[in-house]
Structure formats: structure tokens, C-alpha cells
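The values are calculated or read from the model by the stated rules, or taken from the named source; none is laboratory data. Source: prediction; values computed, not measured. In this analysis, Cβ positions are derived from the backbone assuming ideal geometry, glycine residues included, and neighbour counts consider all displayed protein chains. Surface accessibility is based on the protein's heavy atoms, side chains included, excluding ligands, DNA and RNA. Shrake-Rupley method; radii C 1.70, N 1.55, O 1.52, S 1.80 Å.
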Amino acid sequence: MKRSFLLVALFLLTVAFSRADEGMWLPSLIKERIPDMQMKGFRLTAEDLYSINQACLKDAIVQFGSGCTGELISDKGLILTNHHCGYSYIQAHSSLEEDYLKDGFWAGNLSEELPNPGLTVKFLVRMDDVTGIINNELSDTMSEAERNAAIAKISHTIASEAVKGTHYSAKVEAMYYGNQFFLFVYEIYKDIRLVGAPPSSIGKFGGDTDNWMWPRHTGDFSIFRIYAGPGNKPAAYSKDNLPYKPKKFFSISVNGVNEGDFTLVYGFPGRTQEYLHSEAIRYVSEVSNPHKINLRGLRLGVQQKEMSNDRTVRIQYSSKNANVANAWKKWQGEAKGIKSLNIVLKRADYEKRFEKWAEEYPQYRGITGKLGELYKQTESCSFANDYYNEAIISNEILKFAEQIKGVLSKKGDFFTKSNSIASMAEKYYKDYYMPIDKQSFILLMKEYLKNVPEKFHPNLPGELSLENSVENIADYLFKNSALADKQKLHNYIHDSLMIVKLNQDPAFLMHEAFFSFHRNNVKPMLDSLNKEITILYRSYMRGQMEFEREKAFYPDANLTLRITYGKVSGYRPLDAVKYKHLSTIEGIMEKDNPEIFDYDIPQRLRDLYSDWNFGRWESNGTIPVCFIATNHTSGGNSGSPVINADGDLVGINFDRVWEGTMSDIAFNPDLCRNISLDIRYVLFIIDKFAGAGHLIDEMEIVK
Ligand code: ARG
Ligand code: GLU
């Protein structure tokens, strides 16, 4: 009796303890987590992480581009991010003659660093809870539309007042399904230059075979530098700009990590849905993911075949291919995790308990039942929507038609429009290989016609009619559309009848048919159901916070800056298998195989290894490469700094393990692990492999 009591107590304790690794915390509220963090080994204070009075670690973190994170590592604006975050920029600088994706790139000095038009980095200046101000403008009698309009109006006022007289930008973001609101003030730098990148055989080692997997040996990093104009302020690219002087940059620890060590990840996770209803989770794991996986698998098959036949095509499609493959693989892990952990049933069980509790709270009674009903009603539209995105708009020629239409619909004269189409076209054709697009189109359209109910098939004129064989439709489309042919489109652009001609173009016609069908027959239904769902979630979320008063809640990720902390830890992916927390260069050598593209490492790395030429980055006779921990991360956390208990940089976050990718919907402390690059491997590659010791000299290395 006593023993079982003890066991139960112990069980509860470990649950409470490990549960706590779940969470993406708002930096300005981190004080509330500090006691728990310190108990787990953290040695800094809340002010060290986030402060508006002094330089702190948040000032050394940027959102890199629109979907990654980066961190400052020198007083000259040097930033680290992932190789896959820099990938499209590295690709843009690459050609057959100078292929930086293949061979890597290292600027020997400042003047060799390469500008990247369009790339920005964003610092968080400060954030404030503005819930009170917004709620003042709202009342219970407002309709949803009135409420949204009021929120938009006051948010606009708050944001513009916050940045008045400054060069900052600001945005108000809703948290907890519109129960709370925070103002975020940002400073955005626009001159970001490429400094260094290893060859893909290091930076993307293991490719899509190893992606989302542990054990991992990918050297997934690249280096950029922020440049500033006069007064260290943001400025458009100019050769007169100087390296940015940061308020704060990370010092780098080469002491490494051990199992059980505290780690903290500070970055910009994109989107999670931790409070999702069971019915929505069922749809994701049993319907949506399987279909989307199939569609992407078909595209990948075509791409891979053509890429392996031709080096130019390989460069053209490398970035697109990686993007298609990334979600394709993630969705598989996610669906599998949801199934094997019985998450749909568990969530349904939670909903039952919630409803039992809500019997005494009329404002919350019956919410989960209603949500379930609404989700069932949305299923057919959601399905059509998924196919619209993954089987229609994913055809490059149709997507391009959409972009051109976007330009035509804007205000402006003929010349402005034709110029902007011309510059779009230049970018588009640089990476376009028509046979890939055409073969994919045939496969995707067949799936569409087979799986999407007929009531969602739009009418198309003449040769494009969906009654014809898909092969014939494709022949007609790709033979006759100007968009499939660079020269033909070029001729159109300089023709005064451009707009008339484009509007009769088969790609335009096809896009228009699907687009307007979607706009008229799918979207309105989906939007109106989603509106009802959103309203219910707002109460449901509030209800959950009352239902579980002792629980520490965190808002779903929404691309705002977050802190997540946990510990270095291996895991058990399968019965009888235990994974260690750390991988080493030995594993790279085990995987090395010149016959397999993903595993063919550069000869120089082989030589460094066989000569045991590890320099000062060696640890226990080897070079550590990657490690895993229980930090709760998501897409967007790529490139995030991974710091130890003292706030020193020990790694760069870049991935999660396959068995744990359902953490965007349900975090499981036994299986969810983030994967980080060990900073010592990064330093080893920069120093010994690339011979770019001048970059190391800029950094602050602590022992
Ligand atoms: N899975 C990582 C992330 O979600 C890395 C993706 C890039 N690598 C790739 N092989 N596609 O972004
Ligand atoms: N690779 C992801 C990214 O680009 C991070 C992995 C994840 O989704 O956790 O943000």
C-alpha cells in the first residue's frame, strides 16, 4: 500500500517535472518561470534575458528573413543562422561556374561579403501587454465584425503611437485566441550580407534522408553580417554602410553539454496549435496529412528524377525541392506520432473532463461539442482547400499566373506593370524547368480529379475542360501558354496588347477557373465556419485557463519571440532502443559514401579526420556534431541560439526528431526533442575546414 502510494507520488512528480519542458514563453513574462528555470540549473536572471532598461540577450537575437532566427556573435554584426535558412540566398549567388551550394563560400574580408536584396533581420525592441487598452474598446454586445474592426482600429493607433518619431515598426498580436494582446516594437535592418557557408555536403549532410531524424550529423549553419547606415541605423544596401555594432552579442562556450544539462532556446517559432480540438486533430492526422503527403511525394518523384539527370536543373530546383520535401516528411512524423500516442482519444477525453467541469459554468457549457460539430461541417471544404493549395496552386505555372495577375490588378500605368512583370519573370525563369512542372501537373491533376468530389470541379473552356484526358489538357496548356516559355512571355510584355493577350492565356484561364471557383464555392463556407470556430475557441481557451488554474499556460506560437527551456536528453524511439544525446564526427565517417549524394563528404573533411587535425575544438578525442534536448521548438526556431545555464552559446537549433514532430499539436516529454548543432563543430568547420580563422578572431570564446 505504502509502496504503491510512493510510486504514484513519484509518478506525479516526474509528470509535473517533465511537463514543464513544454512551453514557449513570452520574454516579457519570463520572470514567472525563473524559479522553475533556476531549479533546473539556470544561473541568470529575468533581466539578463529580457529587459527594456539594459542590453540583454534578446538584443543579440534576430528574426532572420521571414521564417528563421539568427544570433549575433561578434561586435561587428556577425550573425549565425542555419544553412537551410541561408539556402535560397546562397543559391541565388550560385551558377554552374561558381556553385556556392556545392562548394561553399567564404568571404576573405568585408569587401567580399555578398549583399542579398530583400533579406532583412528584425530585432525586438520591446513588447507590452496591451490587453487592457484593447478590451476598453470592446463590449459584449458587439458583433464579431464590429469587434474585429474595433481591435484593428485601436491596434493601429497603439502601434503608430509606439513608433511615432522613430524608425521602428510595430504590430499588435493577439494571444490565446484573442483573449490577450501584446504590442511588439521592432527594428529592421535591410543590408545583410553573406559571409560564409559550408558546402551542402556539410551544411545539408544527410539531405532529406536524415532530415527530421536522429542520429543526425548535419553541419546546418551559415554566416551573415548586418550592415548599418549612418549612426548604426538601418539603411538600404550601400557600399558605404558599415558593420552593425550590436547592443549585445553572444559569447561562445566550447565546454559542450552533458546529458541532463540545462538548455534554453530563444527564437521566433512560427505556428503551433496546442489547444486544438480532437476533431481537428483527427482531420489533420487521418485525412489532411495523408493526402498532402501523397501529393508532395508525387512532386518530389518528378523533381528528383530530373535533378539527377542534369546539374543545372539540380541547382534550379534545390531550394524548391528542399521546401517540398521538408513538410512532406514532417507531416509523416506528425501523423505517426498523433496515432501512436493516441492523441485524438486523449484530447477527446480531456474535452469530456472539461465538459463535466463546465456543467457548473453556463458560459462554457457545450463548447467542445459544438466545436466538434463545426469541424465535421468544415471537413469537405477543408479537404477541397487542401487540394487547392497542394494540387492546384502548387503548379508553378498556375502560381506564376497568380503573381502576374497580382501585378495587373494593382494601380499603375502599362510601363510600370510590364516592368514589374519583366523583373518577376527574370527571377521565375532562372529556376524554372518546364518538364518538371508539366509532369507534376499531370500527376497532381489526376489526384485532384480522383479524390476531390465532383461538386468541387470547376468548368473550364474548350481544350482545358476537365472532361478531357489530363495528358491532353497538359499538352495544350504547356504548349500554348506564354508562361511556359520565357521568350513568348517576353514578347507579350512588350506588346501593347499584353493585358488582352494574358487574359486569354491558357494558364490564366485555368488559374481563373480554379481561383474563382475556390473564392465563390469553397472559401465563403470555410470562412464562415472558421469564424464560428474562432469565437468558440476564444471562450474555450478562457475556459481551459479557469478549468486548470494550477497549470502554467503559454500562448500558441505566432512568429513572436519566445523562450523555451529544457535539458539535454536522449530518448527511446522504439522498444529496446535508446538514443544518446550527442553525435560526433565518427558518425559522419560511418555515413560517408561517395556513391550516395546525401552522404558524400568533401575530401578535405576526410583528410582532417584521418590526420586527427581537430585543433582546439576537439573534445574527448573527437568532434561533437549535434545534440538533442527537450526544448519545445517549432518551425521558425531554425537558427535559434541554444544557450547554457550561464547564457553562453553552445549550439544552433535546426530541427526536431521525427518521433516528436507532433509537438506542434501535443508535446510529449518522452519523445519530443529539438536537434541542435554543437557549436564546436561549427568552429571546427570555420577554422580547420574553411581556413576562415579571421572570423573566429571576431568572436568571444569562453572556456
Ligand atoms: N527540418 C528542418 C526544418 O524544418 C530542416 C529543413 C531543411 N532541410 C531539408 N533537408 N529540407 O526546417
Ligand atoms: N527546421 C525548422 C525551421 O526551419 C526547425 C525545426 C522545427 O520545425 O522545429 O524552423
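Annotations
- A Förster radius of 35 Å, combined with the Cβ-Cβ distance separating GLU532 from GLU467, puts the computed FRET efficiency at roughly 0.45.
- Sorting ARG33, ARG126 by accessible area puts them as ARG126, ARG33; the probe is 1.4 Å, largest comes first, and only protein heavy atoms count.
- Area of GLU463 that stays accessible when all protein chains are in place (1.4 Å probe, Å², to 10): 110 Å²
- Label-to-label distance, SER409 versus ILE52, with points set 7 angstrom from Cα along the beta-carbon direction: 3.9 nm.
- A straight chain from ASP575 to ASP75 at 0.36 nm per residue would run longer than the Cα-Cα distance by 175.2 nm.
- With DNA, RNA and ligands ignored, accessible area of TYR681 (1.4 Å probe; Å², nearest 10): 0 Å²
- The calculated FRET efficiency for ASN309 paired with GLU373, based on their beta-carbon distance and R0 = 60 Å, is about 0.75.
- Modelled FRET efficiency - R0 25 Å, LYS248 with THR157, Cβ distances, 0.05 increments: 0.20
- For the chain, the 222 nm mean residue ellipticity estimated from helices alone, with every DSSP H stretch of n ≥ 4 adding -39500 (n - 2.57) and the total spread over all residues, rounds to -13500 deg cm²/dmol.
- Extension gain for GLN603-MET39 works out to 198.4 nm (0.36 nm per residue, less the C-alpha to C-alpha distance).
- Filter on LYS40/LYS122; LYS417/LYS488; LYS346/LYS376 - keep pairs with C-alpha separation over 22 Å: LYS40/LYS122
- Ligands, DNA and RNA excluded, the heavy atoms of SER308 present near 80 Å² of accessible surface to a 1.4 Å solvent probe.
- For the chain, cysteines whose Cβ has no other cysteine Cβ within reach (under 4.7 Å): CYS56, CYS381, CYS626, CYS672
- Inter-centroid distance (Cα atoms) of the stretch 232-310 relative to the stretch 368-432, Å: 22 Å
- Of every Cα-Cα pair in the stretch 311-363, the percent that sits beyond 15 Å: 68 percent
- Loop-resident sites, the stretch 306-400, for GluC sites (Glu not before Pro), counting at most 15 other Cβ within 10 Å (DSSP): GLU359, GLU360
- The stretch between ASN451 and SER420 holds 7.4 nm of extra length on full extension. This uses 0.36 nm per residue minus the Cα-Cα distance.
- Ordered from largest to smallest accessible area (heavy atoms of protein chains, 1.4 Å probe), the residues ASP413, ASP687, ASP485 come out as ASP413, ASP485, ASP687.
- Of TRP106, TRP331, TRP612, the residue with the largest accessible area leads and the full order is TRP612, TRP106, TRP331 (1.4 Å probe).
- Computed 3J(HN,Hα) for the stretch 126-143, one whole-Hz value per residue from the Karplus formula 6.51 cos²θ - 1.76 cosθ + 1.60 where θ = phi - 60°, is 6, 9, 9, 6, 10, 3, x, 4, 6, 4, 4, 8, 10, 9, 5, 8, 5, 6, glycine and proline marked x.
- Averaging 1/r over each pair of different alpha-carbon atoms in the chain and inverting the result gives 27.4 Å, the Kirkwood hydrodynamic radius.
- Hull volume in cubic angstrom per residue (convex hull over the Cα atoms of the stretch 550-703): 165 Å³
- Nearest-20 debye value, the chain charge dipole, Cβ charges on Lys, Arg, Asp, Glu: 720 debye
- Distance in nm between pseudo-label sites at GLU698 and SER143 (7 Å out along the Cβ direction from Cα): 5.6 nm
- Taking the stretch 329-363 and a reference point 7 angstrom along Cα→Cβ of GLU548, the backbone N atoms nearer than 11 Å belong to 347, 350-351, 354.
- Positive-end residue of LEU497, THR630, ILE686, charge dipole of the chain with Cβ unit charges: THR630
- Global dimensions of the stretch 338-402 from alpha-carbon coordinates: Rg and Dmax equal 18.3, 56 Å.
- Checking every one of the chymotrypsin sites (Phe, Trp or Tyr not before Pro) in the stretch 396-463 against DSSP loop status and a limit of 14 other Cβ atoms within 10 Å picks out no site at all.
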